[in-house]
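The values are calculated or read from the model by the stated rules, or taken from the named source; none is laboratory data. Everything numeric in this text was worked out from a predicted model, so none of it was measured. Note: ideal-geometry Cβ built from the backbone for every residue, glycine included; neighbour counts use all protein chains shown.
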Amino acid sequence: MRQGLITGGVAGAAVLLAALALSQATPNSRQTGAAATRGPNGFRNMTPAQRAAATRRFLGLGPPPDKAAAALGAPLFRQNCAFCHGPQARGAEGPNLITSEEVLDDEHGERLEAFLKKGRPAMGMPSFATMSDTQLYDIAEFLHEQVEDVANRGTYHVLNILVGNAAQGKEYVDSHCMTCHNAETFAHLASRFRSPDQLQRGWIWPEGLRNDGSLAITATVKTPDGGTISGRVTQVSDFRITLVDSFGQTHVIDRDPGVEVEMKDPLAAHEAMIPSLTNEDMHNVTAYLETLK
Ligand code: HEC
Ligand code: HEC
C-alpha cells in the first residue's frame, strides 16, 4: 500500500485526506481509538498525535521515521550514497530510492541493513559491509524520511511537530549555533520551507537549501607529474575519483600511488554538531525558528 500511494500520486492522497477531514471520520476507528474518533467532530476532537497517527495510516505510511537517527544518517548518505542516488535519494546515476521496494518494504532497517551490507556489486551498487549496524540504521531512517517528505506533501497541517518550547530553542541557538552563524542565517529561514517538519529537516541538514553548488563536496587532486585538478566531486571510491571543474569539464582520475586527494566538505563543521542534538533540542529549536518567519 505504501508503494501504491507513491506511484498513485501524492495529489490523490491530498484529496483523500481532505475528504477524510471533511467527513470528520477516520478510516479505521478501531485502531485510532473509537471514543476519540466517533461522532460528527471526531477528527477535530483528536489530539495532534492521534490525528497524525490516523493520517499516517490513511496514507498507508509505515511507522514514523526516527528523526534523531535520520539526522545522523543525512551526512552519511551525503558521503556514501548521494553521488550515485542524488542528494535527496531521488536518483542520479543510481536509481531513485523513494520508489524502491527495498526501501518501502523496510520499516526500521531490518531489511535495508542486510541489503546494504551485501550491495549488488555486479550491478554497480557497492557493498557497505564495513559500516556499523548503527550507521546503516541511521541511513535507513534518513531514507524513510525522504519517502515521508514526498508522501506528506500537502498534508503537513495535520502532522503538527511544533511541540517544542521556543524560548528554550532560542537559548539553545544562542549558545550552540552563534559560534558559526549570525542572526542573518536564521532570519526568515522558516519561510523557505513548506512546513515545520521540513524546516526541522532543513536546519538540521541544510544540504538542499542551496542549489548553486556552494555546499557541494569538492576536492583537489595532485598528480605525480605535479599537476593539480580541483572541482566538485561527482563520484569517489578507493580506486577512482571523478571531478567536474569550474569549466564544466569532467575528470576521471585513478587513485594510483603518488596521487593525493584532498576532499573538502563545506558542511563538515555543521555536521559535527548533529550528534549532540537531543530530540528535545530539535523540537525546541524548530519551535524557535518557526517564530522568525
Ligand atoms: C557507485 C554508485 C552507488 C553508490 C555509491 C551507492 N549506490 Fe545504491 N545502487 C547503485 C546502483 C547502480 C543500483 C542499482 C543496482 C541494480 O540495478 O540492481 C543501486 C541500488 C540500490 C538500492 C536498491 C534499489 C532497488 O529498489 O533495486 C538501494 C536501496 C540502494 N542502492 C541504496 C544505497 C545506499 C543507502 C547507499 C549508500 C550507503 C548506496 N546505495 C550507494 C549505485 C550506487
Ligand atoms: C561548528 C560550526 C557550526 C555550528 C555550531 C552550526 N553550524 Fe550551521 N552551518 C555551518 C556551516 C559551515 C554551514 C554551511 C556554510 C554556511 O552556511 O556558512 C552551515 C549551514 C547552516 C544552515 C544553512 C544556511 C543557508 O542559508 O544555506 C543552517 C540553516 C544552519 N547551518 C543552522 C544551524 C543551527 C540551527 C545550528 C545550531 C543548532 C548550527 N547551524 C550550528 C556550521 C555550523
Name the residues in the stretch 168-208 that are near ligand 2 (Cβ under 10 Å from one of its atoms), among the aliphatic types (A, V, I, L, M) and without any contact (Cβ under 8 Å) to a residue 60 or more places away in the chain, would you?
178
So which residues in the stretch 262-292 are more than 16 Å from ligand 1 (Cβ to nearest atom), assigned to a strand (DSSP E or B) and surrounded by 12 or more Cβ atoms within 10 Å (Cβ to Cβ)?
264
Identify, by number, the condition in (1) within 16 Å of ligand 1 (Cβ to nearest atom); (2) free of Cβ contacts under 8 Å to residues at least 24 places away in the same chain; (3) touching a Leu at 6+ places or on another chain (Cβ under 7 Å) that residue 252 doesn't meet.
(3)
One residue is enough: does the stretch 214-224 have a residue meeting the conditions touching a residue at least 40 places away in the same chain (Cβ under 8 Å), more than 21 Å from residue 145 (Cα to Cα) and exposed (fewer than 14 other Cβ atoms within 10 Å of the Cβ)?
yes
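Would you check which residues across the stretch 127-151 are farther than 28 Å from residue 195 by Cα and surrounded by 15 or more Cβ atoms within 10 Å (Cβ to Cβ) and list them? First the steps, then the outcome.
Here is the first cut: in the stretch 127-151, the ones farther than 28 Å from residue 195 by Cα are 127-134.
Scanning the stretch 127-151 gives 128, 131.
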As an exercise: evaluate residue 274 against (1) within 16 Å of ligand 2 (Cβ to nearest atom); (2) in contact with a helix residue (DSSP H, G or I) (Cβ under 9 Å, 6 or more places away or on another chain); (3) outside the structural domain of residue 177 (by TED's automatic domain parsing) and give the number of the one condition it does not meet.
(3)
Can you find a residue in the stretch 55-66 that is surrounded by fewer than 21 Cβ atoms within 10 Å (Cβ to Cβ), at pLDDT 85 or above and either under 28 Å from residue 207 (Cα atoms) or not assigned by TED's automatic domain parsing to the domain that holds residue 120 (or both)?
yes
Pair list, Cβ < 6 Å and 6+ apart or interchain, from the stretch 255-272 residues that are touching a residue at least 60 places away in the same chain (Cβ under 8 Å) to residues that are surrounded by 12 or more Cβ atoms within 10 Å (Cβ to Cβ) and assigned to a strand (DSSP E or B)
none
How about the stretch 69-112: which of its residues are more than 10 Å from ligand 1 (Cβ to nearest atom), more than 27 Å from residue 211 (Cβ to Cβ) and buried (at least 16 other Cβ atoms within 10 Å of the Cβ)?
108, 109
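Against the condition of a type outside the set (S, T, N, Q), under 29 Å from residue 93 (Cα atoms) and away from ligand 1 (no atom under 16 Å from the Cβ), how does residue 247 come out, does it pass?
Working: of a type outside the set (S, T, N, Q): yes; under 29 Å from residue 93 (Cα atoms): yes; away from ligand 1 (no atom under 16 Å from the Cβ): yes.
Taking the combined requirement at face value, the residue satisfies it.
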2 or more residues at pLDDT 95 or above and touching a Lys or Arg at 6+ places or on another chain (Cβ under 8 Å): qualifying strands (runs of 3 or more DSSP E) within the stretch 133-251:
218-222, 240-244
Among the candidates 86, 73, residue that is modelled with pLDDT of 95 or more, under 15 Å from the mean Cα position of the chain (by Cα) and closer than 22 Å to residue 207 by Cβ
73
For the stretch 228-239, pairs from a residue that is at negative phi to a residue that is within 16 Å of ligand 1 (Cβ to nearest atom) and among the charged types (D, E, K, R), with Cβ under 6 Å and 6 or more apart or across chains, are 239/255
